[in-house]
Amino acid sequence: MLHAAALLLMIGSAITAAVCCLVAGGVVPRAVPWQARQSAVVMALGMVALCAGDGDARILLLVAVAGIASAMLGVVGTRGRAHADACFHRALGCVVMAVCALAMLGARSGAPAPVTSGFGHSGHGALVPMSVAAASGVVVLLGLMLVARVRHRVEAAPAGGAGAAVLRRGALRARILLEAEGVAMAISLIVMAAMVLIP
């Protein structure tokens, strides 16, 4: 039952993160470019596939490939842009998801007998370094996201005029959505890392 609750939490937070990212992109398109949006959607779909696939090796491999491809697309043309770091964090999230999928695939293929333990935890000792790499990636990503959030809080708001007030309201809504996305993404990644490490 606890396992099912963790899966639901991971799926729900991943979908919430993707929806917040898409809505924020609709409110302030320059703040959330297409690279960031596709990464958030691929990550959510990948986590849903991980849970629905119940450790199927083909799905794990597909999620890993999709995560790496999305991460590469997620940083295309973002160098020097204002929100390049946010695109990088989402792309890194896709890489972490791919590493988690590979860790589950390795644990499943390292099993001495085909046991349906759900989510690919059988033979868990077969690929401990990959599991540790996945958990370390989550920790690094969360640290980078926290540093970026603190740094962006010191940005000054635009001043003066009715047009600036409308801009501030849109920017505030986008900021709230992006904060919600960051929290939801962090929760889904933490749960995914825990699922990889804990049989």
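The values are calculated or read from the model by the stated rules, or taken from the named source; none is laboratory data. Since we're looking at a predicted model, the values are computed, not measured. Neighbour counts run over all protein chains shown; Cβ positions are idealised from the backbone, glycine included. Each accessible area value is taken on the protein alone, full model and side chains, heavy atoms only, with ligands, DNA and RNA left out. Shrake-Rupley method; radii C 1.70, N 1.55, O 1.52, S 1.80 Å.
Here are some notes:
- The set of residues from the stretch 62-92 being surrounded by 18 or more Cβ atoms within 10 Å (Cβ to Cβ) and in a loop (DSSP other than H, G, I, E, B) comprises Thr78, His83.
- Across the stretch 48-65, the number of residues qualifying as over 21 Å from Ile190 (Cβ atoms) and under 13 Å from the mean Cα position of the chain (by Cα) comes to 0.
- Exclusive hit being at pLDDT below 60, in a loop (DSSP other than H, G, I, E, B) and surrounded by fewer than 22 Cβ atoms within 10 Å (Cβ to Cβ), set Pro114, Pro199: Pro114
- Condition met for Ala180 (in a helix (DSSP H, G or I), modelled with pLDDT of 80 or more, under 22 Å from Ala52 (Cα atoms) and open to solvent by 30 Å² or more (accessible area, probe 1.4 Å)): no
- Residues in the stretch 2-56 that are in a helix (DSSP H, G or I) and either modelled with pLDDT under 85 or touching a strand residue (DSSP E or B) at 6+ places or on another chain (Cβ under 9 Å) (or both): Leu2, His3, Ala4, Gly25, Gly26, Val27, Gly53.
- Residue check for Ala69: at pLDDT 55 or above and more than 24 Å from Leu177 (Cα to Cα): yes
The rows are residues; the columns are (1) more than 20 Å from Ile68 (Cα to Cα); (2) at pLDDT 85 or above; (3) open to solvent by 70 Å² or more (accessible area, probe 1.4 Å).
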position: Gly106; (1), (2), (3): no, no, no
position: His124; (1), (2), (3): yes, no, no
position: Ser131; (1), (2), (3): no, no, no
position: Gly161; (1), (2), (3): yes, no, no
position: Leu167; (1), (2), (3): yes, no, yes
position: Arg173; (1), (2), (3): yes, no, yes
position: Ala184; (1), (2), (3): yes, yes, no
